[in-house]
Each structure stands twice: as C-alpha cells, then as structure tokens.
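Below is one structure, written out as structure tokens, with a few remarks after it.
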C-alpha cells in the first residue's frame with residue numbers, strides 16, 4: 001500500500017494497484033467459510049442499520 | 001446463517017425435505033472473497049408442489065415470519081427454490097459438496113453448478129460474480145452441464161459465451 005503513495009507514473013500505479021487488489025482478494029478467498037459468513041453478516045448488519053430511517 | 005442451517009438439518013431429519021444445498025450469494029461467498037449478501041438461497045430436493053406447500057406449512061405452524069417468498073430464520077431471510085422447477089437444480093443438489101460450518105453439516109453447490117444456476121437467473125449481480133467463479137471452474141465439466149441443460153428458452157451455453165466474449 002505504501003508503495004502506491006510513491007508511484008508517479010499512472011500506468012505503474014494501476015499495475016501495482018491491481019496486483020495488490022488481486023493479492024488481497026486471494027487472501028480473503030482462502031478464509032474459512034465460517035469467517036467469511038461472519039464478515040458478510042457484519043456488512044449486512046451495517047447496511048441494514050444505514051437503511052433504517 | 002448457522003441457525004438457518006441447523007433448522008434446515010432439523011427439517012431434513014423430520015422428512016419434510018429430502019435434501020438441500022446452499023446456492024446464490026452465500027454459495028458464491030464459499031468460493032470467493034466476502035460479498036454483501038442479504039438473503040440465503042436454499043435449493044431443496046422435492047418432486048411435487050405439495051411437498052413445497054408442506055415446507056411452508058411447517059414454518060407457518062411454528063410461527064416463523066413469512067414475507068413474500070422469504071422465511072425469516074434467526075433473522076436471515078431464506079428463499080427456497082424447489083428442484084421440481086428444473087432438472088438442473090435437482091442434479092445440482094444431488095451433486096453438491098458436503099461441508100461443515102462451525103461443526104454444522106451442510107451442502108453447497110459445486111462451483112460449476114453454481115455458475116449454471118446463476119446463468120439461469122442472470123441478474124446484474126450474477127453477471128458480475130460469474131467471471132470470478134469461472135477462475136475456479138472445471139471448464140470441460142461446466143460446458144458439459146450447460147450443454148445438457150441449455151434449451152431455446154434458457155440458452156445457458158450462449159449466455160456463458162456472451163459473458164466470456166465481454167471479458168476479452
């Protein structure tokens with residue numbers, strides 16, 4: 001992430017950005033299903049709370 | 001979610017449903033990074049609409065809250081999709097992967113059948129998630145499934161073809 005702050009070239013920025021995002025996706029994808037459910041339920045609760053008037 | 005699975009296992013034991021498997025957004029979550037999902041799609045193995053009515057009757061008699069097609073199980077809206085609406089769903093449940101979630105046994109559609117069922121519905125959110133699921137799919141197996149279950153009304157193979165074209 002820090003690396004991105006120092007990149008000035010746009011093409012290089014998006015290349016590193018995509019690589020880091022892909023690495024994060026892979027990391028999250030490999031979490032146990034129960035842990036993913038916990039994360040989804042937290043997201044769901046936050047969204048439903050936001051929707052309430 | 002876990003409470004819903006425990007309830008489903010209980011219903012399976014009573015014989016109201018023969019078998020079930022997790023589909024939709026939660027199944028996508030099994031294979032991918034966490035994605036916001038509001039409801040739980042459960043594919044249930046049943047051959048007649050009488051069995052489907054019996055399932056809803058089971059929940060009604062136990063005072064579960066029913067909103068439209070959703071049954072609230074422990075705060076989770078659960079939608080039941082019966083296998084008699086499509087032979088693809090029937091096969092998808094029978095070939096689903098056995099899993100355990102915090103010790104609770106359950107079944108989730110395999111990634112190939114999940115993609116096939118998403119291609120049936122093909123909502124905008126399904127179009128978004130299918131390319132990521134394809135990364136984990138056995139393509140010859142997926143093509144074989146789509147070949148058998150595609151027809152003029154639901155051309156699953158052509159739908160996948162259009163998605164693949166859009167990725168190039």
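Key figures
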quantity	calculated
Where residue B:53 falls short, out of the listed (1) surrounded by 17 or more Cβ atoms within 10 Å (Cβ to Cβ); (2) part of a helix (DSSP H, G or I)	(1)
Residues of the range B:129-141 that turn out to be part of a helix (DSSP H, G or I) and more than 15 Å from residue B:27 (Cβ to Cβ), as a count	4
Candidate set from the range B:149-163 (those that are in a helix (DSSP H, G or I) and free of Cβ contacts under 8 Å to residues at least 24 places away in the same chain); member that is surrounded by the most Cβ atoms within 10 Å (Cβ to Cβ)	B:157
Options B:114, B:109: the member that is in contact (Cβ under 8 Å) with a residue 60 or more places away in the chain, closer than 15 Å to residue B:5 by Cβ and buried (at least 22 other Cβ atoms within 10 Å of the Cβ)	B:109
Residues of the range B:1-59 satisfying the condition of being without any contact (Cβ under 8 Å) to a residue 12 or more places away in the chain and either in contact with a strand residue (DSSP E or B) (Cβ under 9 Å, 6 or more places away or on another chain) or within 14 Å of another protein chain (Cβ to nearest Cβ) (or both)	B:12, B:29, B:33, B:34, B:36
Whichever residue in the range B:1-33 is surrounded by fewer than 20 Cβ atoms within 10 Å (Cβ to Cβ) and not in a helix (DSSP H, G or I) and, among such residues, is farthest from the chain's Cα centre (by Cα)	B:15
Qualifying residue in the range B:108-118 (condition: farther than 28 Å from residue A:32 by Cα, more than 14 Å from every other protein chain (Cβ to nearest Cβ) and not in a strand (DSSP E or B))	no
Unmet requirement for residue B:129, which otherwise passes all of (1) in contact (Cβ under 8 Å) with a residue 24 or more places away in the chain; (2) more than 17 Å from the chain's Cα centre (by Cα)	(2)
Any hit, the range B:118-127, residues being touching a strand residue (DSSP E or B) at 6+ places or on another chain (Cβ under 8 Å) and crowded, with 19+ Cβ neighbours inside 10 Å	no
Subset of the range B:56-101 (residues that are assigned to a loop (DSSP other than H, G, I, E, B) and in contact with a helix residue (DSSP H, G or I) (Cβ under 6 Å, 6 or more places away or on another chain))	B:74
2 or more residues surrounded by 11 or more Cβ atoms within 10 Å (Cβ to Cβ) and more than 10 Å from chain B (Cβ to nearest Cβ): qualifying helices (runs of 4 or more DSSP H) within chain A	A:2-6, A:10-29
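Laboratory data are not the source of any read-out in this text; all were calculated from the coordinates shown. Source: prediction; values computed, not measured. Heads up, the Cβs are rebuilt from the backbone with ideal geometry, glycines too, and the neighbour counts pull from every protein chain shown.
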